[in-house]
Amino acid sequence: MQDSEYHQRVDDLLLVIEEALDVCPVDIDYESAASILTLTFVNGTKIIINKQPPLHQIWVATKFNGHHFNFEDGKWIDERTGAEFWQFIDQAASKQAGQDVVLSAGA
């Protein structure tokens, strides 16, 4: 994947997450700056999603663990667990929010 394609794919993904958060019934604040998207939950915990351009990866830090996603066959896949990004982010956000969160609906 070329650098420009990588940046466009990640920028698009981050925008979809922001749009999903805008309509999400669960109270999750977010801040986007310098290719880093920070989700802040009512309980003070955070999920941080950011680009890793040299590796063409997306890194996600949750309260519980860190994850690195590679683009494979049209999807972002966790290199350690094999989880697809949208499935992962819904589960991680739900766990930190203490209630069901669906961000994948906009994907």
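Within segment 74-87, identify whether any single residue is more than 23 Å from PRO25 (Cα to Cα), aromatic (Phe, Trp, Tyr) and out of contact with any helix residue (DSSP H, G or I) (no Cβ under 6 Å at 6 or more places or on another chain), and answer yes or no. Looking through segment 74-87, none of the residues is more than 23 Å from PRO25 (Cα to Cα), aromatic (Phe, Trp, Tyr) and out of contact with any helix residue (DSSP H, G or I) (no Cβ under 6 Å at 6 or more places or on another chain).
Would you mind stating whether VAL60 is open to solvent by less than 30 Å² (accessible area, probe 1.4 Å) and part of a loop (DSSP other than H, G, I, E, B)? No; evaluated as a whole, the condition is false for this residue. Of all the criteria given as (1) in a loop (DSSP other than H, G, I, E, B); (2) free of Cβ contacts under 8 Å to residues at least 24 places away in the same chain, the one not satisfied by MET1 is (2). Within segment 66-99, the set of residues being surrounded by fewer than 17 Cβ atoms within 10 Å (Cβ to Cβ) and in contact (Cβ under 8 Å) with a residue 24 or more places away in the chain comprises LYS95, GLY98, GLN99.
Candidates are the residues of segment 28-52 that are closer than 17 Å to ASP90 by Cα and either touching an Asp or Glu at 6+ places or on another chain (Cβ under 6 Å) or at pLDDT below 95 (or both); the one that is most open to solvent (accessible area, probe 1.4 Å) is VAL42.
The values are calculated or read from the model by the stated rules, or taken from the named source; none is laboratory data. Not measured: the values here are computed from a predicted model. Counting neighbours? That spans all protein chains shown, and the Cβs are built from the backbone with ideal geometry, glycine included. We work out accessible area using only protein heavy atoms, side chains counted, and drop any ligands, DNA or RNA first. Shrake-Rupley method; radii C 1.70, N 1.55, O 1.52, S 1.80 Å.
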